[in-house]
Amino acid sequence: MVEQASWSRKLFVIFNYLFLSITAILCLAPIIHVLSISLSSMEAVASGQVTLWPVDFTLSAYEYALTKEAFSTSLFVSVKRVILGTSLQMIMIVLLAYPLSKEDNKFKFRTLYVWIVFITVLISGGLIPYYMTIRYTGLLDSIWALVIPISVPVFSVVLLLNFFRGLPKELEESAFMDGAGHFTTLWSIFVPLSKPALATLLLFSMVGHWNSWFDGLIFMNSADKYPLQSYLQTIVVNTESEILTEAQAEMMKELSNRTFKAAQIFIGALPILLVYPFLQKHFMKGIVLGSVKG
């Protein structure tokens, strides 16, 4: 016999749905507002008519953004950074998490190595030593300055090693009995069984690299090497005029500076918005399973 929910339970469920709906709307509203501004005419934006729906629909801002060389160059730098940085991070995370997930009797000084890795979360040398390290290792003003220094995210390593520790030990033992080594066991058993956790860490890595802007400003000596977010930060903060081609000058007659900035900001956020739905189904499972095991 199925018991009917009490009135207090029904009220609680209604409140949850209402609260989560309002929260979702509040999260989406700024994104929709920026999109509406980017698709509206200069007059509509200047007069404050645009809220959550475009007024006098136009794609001029996107046409101008895609023809601007500085924007296209920074977009390419960000794509290259995400590909290199995410690949390197995922390899380093897996290679470091696997040995640290072993018991002390199987990996000597395992606890010591865990503390050496974890201490970097608690203690930092500061920005100036960080910059000097990048400079004297010859990474300054190169794409590797944005990739190598953050190639070992400790939080992700901890999540994955805890996930590895939760996998059945019988699988590893049977692989060793069949003659498999550690690398074969890692890539043939541990990695395929860790897809939820790896998808979560992949999302963390991609979002972190794509949204990072400060390191681009301090490690790149020329603006043509800025990643997209560093470039967007400069155009949002600075309002200096620039030399335009005849076609670009003609386009700018129909655009306001605010409309153009909104279009570039939305293009910058679009790749992550497109990728997230494909990884979201693994997100909660991966982060929960990787955090509850000790």
State all residues of the stretch 260-293 that are of a type outside the set (D, E, K, R), in contact with a helix residue (DSSP H, G or I) (Cβ under 7 Å, 6 or more places away or on another chain) and modelled with pLDDT under 65; if no residue qualifies, say none.
H282, F283, G286, I287, L289, G290, S291
Hey, among S101, S60, which residue is of a type in the set (S, T, N, Q) and over 18 Å from S38 (Cβ atoms)?
S101
Just to be sure before I move on: is S174 surrounded by 11 or more Cβ atoms within 10 Å (Cβ to Cβ), out of contact with any Leu (no Cβ under 7 Å at 6 or more places or on another chain) and either in a loop (DSSP other than H, G, I, E, B) or in the same structural domain as K195 (by TED's automatic domain parsing) (or both) in the structure I sent?
yes
Which of (1) of a type in the set (A, V, I, L, M, F, W, C); (2) surrounded by fewer than 18 Cβ atoms within 10 Å (Cβ to Cβ); (3) at pLDDT below 85; (4) more than 25 Å from K225 (Cβ to Cβ) is the odd one out, the single condition A44 does not satisfy?
(2)
For the list (1) more than 30 Å from L193 (Cβ to Cβ); (2) buried (at least 17 other Cβ atoms within 10 Å of the Cβ), I need the number of the one condition that A97 fails.
(1)
Test: V157 is in contact (Cβ under 8 Å) with a residue 12 or more places away in the chain, of a type in the set (A, V, I, L, M, F, W, C), assigned to a helix (DSSP H, G or I) and over 20 Å from L202 (Cβ atoms):
no
Answer yes if at least one residue in the stretch 144-164 is over 24 Å from L100 (Cβ atoms), touching a helix residue (DSSP H, G or I) at 6+ places or on another chain (Cβ under 7 Å) and aliphatic (A, V, I, L, M), and no otherwise.
yes
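The values are calculated or read from the model by the stated rules, or taken from the named source; none is laboratory data. Just so we're clear, the structure is a prediction, and the values are computed from it rather than from any experiment. Heads up, the Cβs are rebuilt from the backbone with ideal geometry, glycines too, and the neighbour counts pull from every protein chain shown.
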